[in-house]
Amino acid sequence: MSWALSEREKLIQPYDLIICTSMTDLSALKGLVPELASTPCLVYFHENQFAYPQSGREFNSVEPQMLSIYTALAADQVVFNTEFNRQTFLSGAKNLLKKLPDNVPRGIVESIEDKSSRIYVPLPDMAPLLDIASLSDKESSYERDTTQPLSIVWNHRWEFDKGPSLLKAIISCLLTRNLPVKLHVVGQRFRYTPEIFDEIRALFKNNKANSNVSLSTWGYIEDKQKYQTLLNNTDIVLSTAKHDFQGISVMEAVQKGCIPLVPNQLAYPEIFDKRFCYSLAESDAETANNVLSSIERYCLEKKEGRLTGAPNLARFEWQVLKPDYRKLIEQVAGFKG
């Protein structure tokens, strides 16, 4: 409402195309600004309201989910950043519509599916222009100092959906093993930070028995170059996420040479080979044991100088994905090459 009424002079111009994210209430925007009703529209879903885990602190309402369906219906083309995102949206919408009262029109989800596609959020270019046909998952080669402990970075928002309870279980388990590990727990904090992060910090403060495991970095790194240097010098990037629609922070770390250690769920299996994914169990403690098995193997491999390289993510870089974005935008806008 604020945007449609306060920026009306800008919004009523004869645009070729509207590009918006799924955060936009597109149906309301078109209703409040009728001049936009016939403008072709592309909606990009970087997340969806159906696959987001609940913390118990949210206001219980289906309105955000319904609004996302309205926005998808009002678009000419709907694009998702991963197939995981696309499928969870479609199945979530289908399940929600089944619960509604009578008179739900047929074919709503099918019509959205027919005009949907997937294009990943691109990573920054890391190399000169590549021959796209030659791209593969061949691992990159990185120099590793075999005299140093295995270094692991956990680089996520400090919120419940990034799995801090599993992170705590992994660290608790790690402190019982005689493994040389240097840990970095970094990421952005907000006004509310789950108390479990204080409990994780306390694990290290109270650790008297295991000097092999150290906490080297704790908290948000303001300086971008310092953060990039940390990634360049780290062996493993760990994810404990319950929610990731693409996992950009993990992918950026892998670009810098970190080996991914990620759950075999969410969008990760479509991005990384299964050997980089750990199995989930019924409890955090059991899952932590699965993660520790991988960490133990990586510690041995590093000591012996045979630590695997990070997977090649060149196919996700902007230079590779740019033609797909250009083609999509031109098609929706009706441009002819």
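The values are calculated or read from the model by the stated rules, or taken from the named source; none is laboratory data. All values derive from a computational prediction rather than experimental measurement. We place every Cβ from the backbone using ideal geometry, glycine too, and count neighbours over all the protein chains shown. For accessibility, only protein heavy atoms count, side chains too; no ligands or nucleic acids. Shrake-Rupley method; radii C 1.70, N 1.55, O 1.52, S 1.80 Å.
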Test: T240 is at pLDDT 95 or above, closer than 16 Å to Q188 by Cα and not charged (D, E, K, R): yes
Residue check, T234 over 19 Å from L166 (Cβ atoms), touching a residue at least 60 places away in the same chain (Cβ under 8 Å) and over 16 Å from the mean Cα position of the chain (by Cα): yes
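Scanning segment 161-186 for residues that are in a loop (DSSP other than H, G, I, E, B) and open to solvent by 10 Å² or more (accessible area, probe 1.4 Å), which turns out modelled with the lowest pLDDT? Steps first, answer last, please.
Going through segment 161-186, the residues in a loop (DSSP other than H, G, I, E, B) turn out to be 163, 175-180.
Now restrict to residues that are open to solvent by 10 Å² or more (accessible area, probe 1.4 Å): 175-180.
On the way: L175: 93, T176: 91, R177: 89, N178: 85, L179: 92, P180: 94.
By that ranking, first place goes to N178.
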Matching helices (runs of 4 or more DSSP H) fully within segment 1-119 where at least 2 residues are of a type in the set (A, V, I, L, M, F, W, C) and crowded, with 19+ Cβ neighbours inside 10 Å: 26-32, 63-74, 83-99, 108-114
Of residues in segment 285-306 being surrounded by 17 or more Cβ atoms within 10 Å (Cβ to Cβ) and touching a residue at least 60 places away in the same chain (Cβ under 8 Å), the one farthest from V262 (Cα to Cα): K302
Meets criteria (within 29 Å of Y52 (Cα to Cα) and among the hydrophobic types (A, V, I, L, M, F, W, C)) for V213: no
Out of L167, L215, L203, L183, sole residue that is under 21 Å from S249 (Cα atoms) and touching a Lys or Arg at 6+ places or on another chain (Cβ under 9 Å): L215
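Can you find a residue that is in contact (Cβ under 8 Å) with a residue 40 or more places away in the chain, within 29 Å of P164 (Cβ to Cβ) and surrounded by 13 or more Cβ atoms within 10 Å (Cβ to Cβ) anywhere in segment 315-334? Quick ask: steps written out before the conclusion?
Looking only at segment 315-334, we keep the residues that are in contact (Cβ under 8 Å) with a residue 40 or more places away in the chain, and these are 315-322, 324-325, 328-329, 331-334.
Restricting the remaining residues to those that are within 29 Å of P164 (Cβ to Cβ) gives 316.
Okay, now just the ones that are also surrounded by 13 or more Cβ atoms within 10 Å (Cβ to Cβ), so 316.
Yes, because at least one residue in segment 315-334 is in contact (Cβ under 8 Å) with a residue 40 or more places away in the chain, within 29 Å of P164 (Cβ to Cβ) and surrounded by 13 or more Cβ atoms within 10 Å (Cβ to Cβ).
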